[in-house]
Structures are given as structure tokens and as C-alpha cells.
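Comments concern the structure below.
The values are calculated or read from the model by the stated rules, or taken from the named source; none is laboratory data. Here the structure is a predicted model, which is why all the values come from computation and not from measurement. FYI the Cβ positions are ideal-geometry reconstructions off the backbone, even for glycines, and counts take in every protein chain you see. We work out accessible area using only protein heavy atoms, side chains counted, and drop any ligands, DNA or RNA first. Shrake-Rupley method; radii C 1.70, N 1.55, O 1.52, S 1.80 Å.
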Amino acid sequence: MNSKQFETAKMCLKVVTPINTADGIVLGAKDYLYDSSRQKVYFLNLHQWHMFIYKHMLLEKYESYLANFRDKQSLLEWLRMQGYDIDDVRTVITSEAQATVNLMDNEKKKTLNDINRHIQQPDGSLYVPGSSIKGVFRTAILYSLLQKRQDIKVKYWRQIQEKISSNYFKPYRDFNKLISDLENELLHTLRLVDGDIHSNNAVYSAMRGLQVSDTYASRNMQTAILQKVDGGFDKFGKASPKKLPIFRECMLPKAELFFDVKIEKAVMSTIGINTVDDLLKATHSFFAAVTDLLQQAFEKEYQEAFQGVAAGNMFLGGNTGFLSKTLLAMLAPDKDTAKNTIKVLLDKSFKNHKHLLRDKIIAPRTLKCTNYNGKLMLMGVAEVRKV
């Protein structure tokens, strides 16, 4: 392999604030063991758990428990009523996670509602898919390209405003189509047939020149079940964080994972990326732009949530917010115009959330946070660097 044509690098992904990359599996309160006295959640191998039920002739009682479950008795409480405890089912437990008491406003409640698990390998080890990391790189590259193409920004911002003001606007269809067109115009830079360019076919995309592996399996990584907190304001403009009944299994600050990046220079250079350092520079620039928007709106009342965030260079995973996942605010000519347009878009998409009425300082109006170790933190901040 000609090193002049490619650059490969081993990368480190360090967790700065809690990160959840969901696998689509949501566990109900009767699908895990929650021990509030030990502040632990124990996850089960369902096949082995059912074998335990059969072996100890608990099937009829277990079926009755499931049929009559009303979120008043946890699975662990039921297990203890049968004469067993955590130590008796160690062989059916695949992993455990912290679940601190201060997550719960009502200590009498014995469950944590539904839990969104972090994605895992078949052996139970945690990882982050390369596609998730590449998606962050993709958005950052688009942001970098937009800084050099004012004509593109004006063109697509005009189209967005026209679409949103239309009585026939369909948020998911029309907005996604506009963003797709924008990506094609900026990223589909490869001329493969008769000089054709900007084709909708992904084979024309310069992103073909970037390969990102999944992170290497991380066994015995500690996780915590953390509650979603929306940081907003009361009617007097004071901080008014709201705990929501949504729980996620999260990787914790200081954890490190590793992955590989490979750049095909001739391809990626068509979108201004010649080295891994260029990729990291674009990533940090987009992260800084999003963070600046959030700080302008929230930092005065939510200083604690921004502590340590400057160590990161990307937002990753779930509950990181609308602004970290889209370029809409970056297309706008100024932040006030961005706010006014975004709240119209969100109001048409989520009518019950009252964005037109409540998004006064920024749109969306909430800071996506969680509580960890007694502190309010932004969700999903990571630092990616070369090793």
C-alpha cells in the first residue's frame, strides 16, 4: 500500500460526559433486577433466566407476576419473595450498572421505568459503531465546507424558509430532502461518468474515502443508568431543570475506547480533507460552533453543565440535542433568524411541545443533560484524538 495515497491512524475516543449509543433495546421494569439498597441494576441473560425459572419450578408464579405487573413490585422484590436473592442468580447476570438513589424523586418507587441500553457486542462488551463516529465526521465536514461557500448557505437557507412557510410543508419529507440535496452538492465531488457530478448515487460521494472502524470491544467497562434532564427556564428566566422518566445506560467520564481511521487522500482532498489532522480540525470547529450557541443561551444559568466540556471535540450518541445533529442553525445568517426558523420547524413537527410560544431564548429551548455524581452535565461529549 502506497503511504502517499492513504493515511491510517489509531484513534482514542475518551468519554468527557456520559454517552449512550443506543442499540434499540429498551428493557421494561420487569426485564432487569434493580436493587435500590445497593444502587445497582443487574442485566439478565434471558435464556438462562428462564432456565432458572424452570429449574426452580417458578413458572406459574412468574407468569402470574408478568400478567399482573403494575410497576408496583420490582422483579427483584418478586425474586426475594420466592426465597432467592442476587447471589442465587449470579450465573444469569450478564452485567451490572450503577443506579444512584438521587435519580429517583420517590424512594418508594422500586423500578427505574424503561432503560435504553448501550449497544453491545455479542459477548456483552460495549462499543461505539464506526458508522456513528463517521456520521459525526460527516456533519463536521459539511460545516467546514459551508464556511467556504456563502453562496450555498444563502441558496439552501432561502429554500428552507420557502418550504417551512408553505401550507403544504411536510417536515420529515421536505426538510430531509433539502438536507440530502445539500449533502449531495457539497460531498458528491467524484466525477465517474462523463464528468457527471452531484449525482444522488452514493458512489459519487467523497465520503467513500473515509473508513472508520467500530471501537474495539471494551470488557468490564463500568456504566451507569442515568436519567434524562432537560435544562430549561422558568417564567422569570431562571434555571428550571426538569427530570424526565427516561433512563439510559451510559459510558462514564474518563473511559477510553479505540478505533481506526483510514483516509484515501485523492478522494477526501476533493472536500478539503487531506489528513487525519484536517478531519479532527473540522470536527473541533463544528463542536465549538454548537457549544458556543448553547453557551450563549444557557451558560449564565447552567454554568455547572458546561464545566469540562471544552476538553471535548464532538457530540456523540443519544440525547445530545437537535443543534448537535443538524446544520440548520449554521445555515442561517444570524442566530436570531436561526431561532425563529427552527422553532417554526419544530412547532410544525411537534405541535404538543409549543415551540412557537416557549422557545424564546434559543430553539430548541432545552439543554440536554443528566445528573452524574451529584453534578448536572451535558450529555454525549467526547474527545477524539490520534494515539
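Miscellaneous remarks
- Taking each residue of the stretch 173-190 that is charged (D, E, K, R) and looking for partners that are open to solvent by 20 Å² or more (accessible area, probe 1.4 Å) with beta-carbon atoms closer than 6 Å, six or more apart or interchain, yields ASP174/LYS163; GLU185/HIS198.
- Within the stretch 309-320, the residues that satisfy the criterion of being modelled with pLDDT of 95 or more and open to solvent by 10 Å² or more (accessible area, probe 1.4 Å) are ALA310, ALA311, ASN313, PHE315, GLY317, THR320.
- Yes/no for ASN176 being open to solvent by 80 Å² or more (accessible area, probe 1.4 Å) and assigned to a helix (DSSP H, G or I): yes
- Looking only at the stretch 279-300, and only at residues there that are more than 20 Å from the chain's Cα centre (by Cα) and open to solvent by 60 Å² or more (accessible area, probe 1.4 Å), the one that is nearest to LEU146 (Cα to Cα): LYS281
- The conditions of being outside any strand (DSSP E or B), open to solvent by less than 50 Å² (accessible area, probe 1.4 Å), hydrophobic (A, V, I, L, M, F, W, C) and at pLDDT 90 or above are met by LEU182.
- Only one entry in ILE25, ILE93 is touching a Leu at 6+ places or on another chain (Cβ under 7 Å), closer than 30 Å to SER131 by Cα and in contact (Cβ under 8 Å) with a residue 40 or more places away in the chain, namely ILE93.
Quick grid of which residues meet (1) closer than 21 Å to HIS353 by Cβ; (2) surrounded by 13 or more Cβ atoms within 10 Å (Cβ to Cβ); (3) modelled with pLDDT under 95:
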residue	(1), (2), (3)
LEU190	no, yes, yes
ALA202	no, no, yes
MET207	no, yes, no
SER213	no, yes, no
ARG219	no, no, yes
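- Look at (1) assigned to a helix (DSSP H, G or I); (2) in contact with a Leu (Cβ under 7 Å, 6 or more places away or on another chain) and you find that GLN295 fails only one, number (2).
- Within the stretch 33-88, considering residues that are part of a loop (DSSP other than H, G, I, E, B) and modelled with pLDDT of 95 or more, the one surrounded by the most Cβ atoms within 10 Å (Cβ to Cβ): LEU58
- Unique match (being more than 17 Å from the chain's Cα centre (by Cα), under 22 Å from THR139 (Cα atoms) and either open to solvent by less than 30 Å² (accessible area, probe 1.4 Å) or of a type in the set (Lys, Arg) (or both)) among LEU378, LEU345: LEU345
- Filter result for ILE263 (over 30 Å from SER95 (Cβ atoms) and assigned to a strand (DSSP E or B)): yes
Rundown of residues vs (1) in contact (Cβ under 8 Å) with a residue 24 or more places away in the chain; (2) within 15 Å of MET330 (Cα to Cα); (3) not acidic (Asp, Glu), yes/no style:
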residue: THR270; (1), (2), (3): yes, no, yes
residue: ILE273; (1), (2), (3): yes, no, yes
residue: ASP278; (1), (2), (3): no, no, no
residue: GLN295; (1), (2), (3): no, no, yes
residue: GLU299; (1), (2), (3): no, no, no
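- Residue selected from the stretch 1-32 under the condition farther than 30 Å from ILE53 by Cβ and charged (D, E, K, R), by the criterion surrounded by the most Cβ atoms within 10 Å (Cβ to Cβ): GLU7
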